[in-house]
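Enquirer: Okay, here's the structure, questions in a sec.
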Amino acid sequence: MKTAVVTNIQRYSTHDGDGVRTTIFFKGCPLSCRWCHNPESQDFRKELFFYDNKCKNCGGCIPRCPSGANVLEEGKLCFDRSKCTGCGNCTDWCIYEARELAGKDYTAEQLVKEAKKDRIFYEQSGGGVTLSGGEVMSQDIEILEPLCRGLHREGLSVFIDTCGFAPYEKYEKILPYVDTFLYDIKAMDSAVHKEWTGVDNALILENLKKLSAAGANIYIRIPTIGGVNANEGFMQQVIAFLTENNIHPAQVNLLPYHNYGRNKYASLAKEYDDASMQVPSDEQMEQFKNMFINSGFTKTNIGG
């Protein structure tokens, strides 16, 4: 049976769509945004968080690793990440919680079952289930389509949080089961988009136009980052694109940058260069919000 790798099932979420939601974070993303606060969701493979500050160099993980990724050198535990297969054996034996596996296999049926546990919270708040990542649209359609269909049959609201970088045929297959797409716009200039995310934005913008023409309910989400796109010129470009292509999002959400996920990078042996990215001021965020409102996008919010 087909499975997908999920990094987290976050319950009682209020930042991933309407109401109280259960957000399912899938592992794997075709983008590598330099500000990503979920770096464990970028790689499609399971990965190991190694918290060096918690490790007591006891060596208990060494015999549990079938690939020999752990060795003691002069009393210091050394972890060779290149040998790690993500099996997770060592996590069960680490009493100091210095190791944590990012990624667990789920079938579509298992995910529907997990989501149903929180039905009472959805009913009371107008919430539901948000499929996020990583990039949920990069998952196998043989998992994604039955998952969306199963949630829809249960009467659960389905939101898709997407960067837009996936074949449009995938969006078409799940469109009948999706209530809202939370659609990211990160940069309008293709070269700038590639510099900061690793890919250009041609497919992303084309998919947005197609989804809008198909009648999808869309919330535009703009990660707003000082040094990247927190400027009037970029915001005006977004407004012009939406207007010229007759795209009428139900909401525009401006999401101010934060670096809360920076500590995850060290535990995954990844670098995080936040020197070139800044938190925009409250005044800037209000200015950008007013730009959209004054251009006819009256349901524009900071956050969401």
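Enquirer: Which of the residues that make up region 249-294 are surrounded by fewer than 18 Cβ atoms within 10 Å (Cβ to Cβ), free of Cβ contacts under 8 Å to residues at least 60 places away in the same chain and under 20 Å from Asp161 (Cβ atoms)?
Expert: Leu255
Yes/no per residue for (1) in contact (Cβ under 8 Å) with a residue 60 or more places away in the chain; (2) within 20 Å of the chain's Cα centre (by Cα):
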site	(1), (2)
Ala98	no, no
Asp105	yes, yes
Ala108	yes, yes
Gly126	yes, no
Ser138	yes, yes
Glu145	no, yes
Arg149	no, no
Gly155	no, no
Ile160	no, yes
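Enquirer: Which residues, counting only those in region 11-54, are within 24 Å of Gly304 (Cβ to Cβ), charged (D, E, K, R) and outside any loop (DSSP other than H, G, I, E, B)?
Expert: Residues satisfying the conditions are Arg11, Arg21, Glu40.
Enquirer: Tell me the helices (runs of 4 or more DSSP H) entirely within region 107-156 that contain at least 2 residues that are in contact with a helix residue (DSSP H, G or I) (Cβ under 6 Å, 6 or more places away or on another chain) and either surrounded by fewer than 23 Cβ atoms within 10 Å (Cβ to Cβ) or assigned by TED's automatic domain parsing to the domain that holds Lys27 (or both).
Expert: Ranges flagged: 108-116, 141-153.
Enquirer: Looking for something part of a loop (DSSP other than H, G, I, E, B), within 24 Å of the chain's Cα centre (by Cα) and under 22 Å from Thr180 (Cβ atoms) - is there at least one such residue anywhere in region 254-262?
Expert: no
Enquirer: Would you check if Ile204 is modelled with pLDDT of 95 or more, in contact with a Cys (Cβ under 7 Å, 6 or more places away or on another chain) and either surrounded by fewer than 16 Cβ atoms within 10 Å (Cβ to Cβ) or part of a helix (DSSP H, G or I) (or both)?
Expert: Answer is yes for this residue.
Enquirer: State yes or no: is Val71 over 17 Å from Lys46 (Cβ atoms), part of a helix (DSSP H, G or I) and not charged (D, E, K, R)?
Expert: Against the criterion (over 17 Å from Lys46 (Cβ atoms), part of a helix (DSSP H, G or I) and not charged (D, E, K, R)), Val71 does not qualify.
Enquirer: Out of Gly261, Gly233, I need the residue that is outside the structural domain of Lys54 (by TED's automatic domain parsing) and modelled with pLDDT of 95 or more. Which one?
Expert: Gly233
Enquirer: Ok, one more. Just to be sure, is Lys194 under 30 Å from Phe121 (Cα atoms), of a type in the set (Lys, Arg) and out of contact with any Ser or Thr (no Cβ under 6 Å at 6 or more places or on another chain)?
Expert: no
Enquirer: While we're looking at this one, here's another question. Among the residues of region 69-91, is there at least one that is surrounded by fewer than 13 Cβ atoms within 10 Å (Cβ to Cβ) and assigned by TED's automatic domain parsing to the domain that holds Val20?
Expert: No - not one qualifying residue is present in region 69-91.
Enquirer: Looking for something aromatic (Phe, Trp, Tyr), within 16 Å of the chain's Cα centre (by Cα) and closer than 20 Å to His15 by Cα - is there at least one such residue anywhere in region 162-180? First the steps, then the outcome.
Expert: Residues of region 162-180 aromatic (Phe, Trp, Tyr): 165, 168, 171, 177.
Of the ones still in play, those that are also within 16 Å of the chain's Cα centre (by Cα) are 165.
Then drop every residue that is not closer than 20 Å to His15 by Cα, which leaves none.
No, because not a single residue in region 162-180 is aromatic (Phe, Trp, Tyr), within 16 Å of the chain's Cα centre (by Cα) and closer than 20 Å to His15 by Cα.
Enquirer: Now, a different point. Residue under question is Ile174, and the condition is that it be assigned to a strand (DSSP E or B) and either surrounded by 22 or more Cβ atoms within 10 Å (Cβ to Cβ) or modelled with pLDDT of 95 or more (or both); does it hold? Before you say what the answer is, go through the steps one by one.
Expert: On the way: assigned to a strand (DSSP E or B): no; either surrounded by 22 or more Cβ atoms within 10 Å (Cβ to Cβ) or modelled with pLDDT of 95 or more (or both): yes.
So Ile174 does not fit the description; no.
Enquirer: Here is a further query. Could you list all residues from region 39-62 that are crowded, with 19+ Cβ neighbours inside 10 Å and in contact with a Gly (Cβ under 9 Å, 6 or more places away or on another chain)?
Expert: Pro39, Glu40, Ser41, Gln42, Asp43, Lys46, Glu47, Leu48
The values are calculated or read from the model by the stated rules, or taken from the named source; none is laboratory data. As the structure is a computational prediction, the values presented were derived from the model and not from experiment. Positions of Cβ are backbone-derived with ideal geometry, glycine not excepted, and every protein chain shown enters the neighbour counts.
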